[in-house]
1. Can you name every one of the strands (runs of 3 or more DSSP E) wholly within the stretch 39-125 that holds 1 or more residues which are among the hydroxyl-bearing types (Ser, Thr, Tyr) and surrounded by 14 or more Cβ atoms within 10 Å (Cβ to Cβ)?
2. For a quick check of your reading of the model, give me the residue pairs whose first member lies in the stretch 1-13 and is open to solvent by 10 Å² or more (accessible area, probe 1.4 Å), whose second is basic (Lys, Arg) and not in a helix (DSSP H, G or I), with beta-carbon atoms closer than 6 Å and at least 6 apart or on different chains.
3. Looking only at the stretch 126-155, which residues are open to solvent by less than 50 Å² (accessible area, probe 1.4 Å), modelled with pLDDT of 90 or more and part of a loop (DSSP other than H, G, I, E, B)?
Amino acid sequence: MHTYYEKTRMPRTMLVILVFQFLLLMLLYIRDRENQSFMIIALIIGLLVIFLWFSSLSLKIDSEAIAYRFTPFISNRIPWHNIKYTEVIKLEALQDFAGWGIRHSKKYGWAYITDAEYGLFIERKDGKKMTIAIKDKDALEKCLKENMILDVYSS
């Protein structure tokens, strides 16, 4: 039995932009100490950066299920007998999901989007759809084909 495991994180570019905004707001606060709103917004952005820095998406696929965890929010396991269809898709985070993180799309359902170029689209037998970001498309497709879990479609 071949097992696929992958861990991805939020895009570092997005974090660099947030750090830049944090520093800019801190400089504005230093220049105008009477305006407390600069400090409050800077602290919120700083906390967001720390939070996003430590968040990650883990995906494990084996002969029994697809298990994923979007730290620190969600942890779930979908047994193969509940899955109707899977497809490896090309992700456009801004176009398809309007950003990164936990998102929703009419076409792809609930999505867990990180700094990845591809996604595993899953349609369950109950009709629910979801997408999980992946980086190593070839290794995922190889795992699914080797285990003859389901037919894999790649776009």
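1. Counting at least 1 such residues, we get 56-61, 65-71, 83-90, 101-105, 109-113, 118-124.
2. Once the first residue is open to solvent by 10 Å² or more (accessible area, probe 1.4 Å) and sits in the stretch 1-13, its partners that are basic (Lys, Arg) and not in a helix (DSSP H, G or I) give Tyr5/Lys60.
3. Result: Gly127, single match.
The values are calculated or read from the model by the stated rules, or taken from the named source; none is laboratory data. A quick note: this is a predicted structure, and the numbers were derived from the prediction, not measured. Because the Cβ atoms are built from the backbone with ideal geometry, glycine has one as well, and the counts that use them run over all protein chains shown. These area figures cover heavy atoms from the full protein model, side chains too; ligands, DNA and RNA do not enter into them. Shrake-Rupley method; radii C 1.70, N 1.55, O 1.52, S 1.80 Å.
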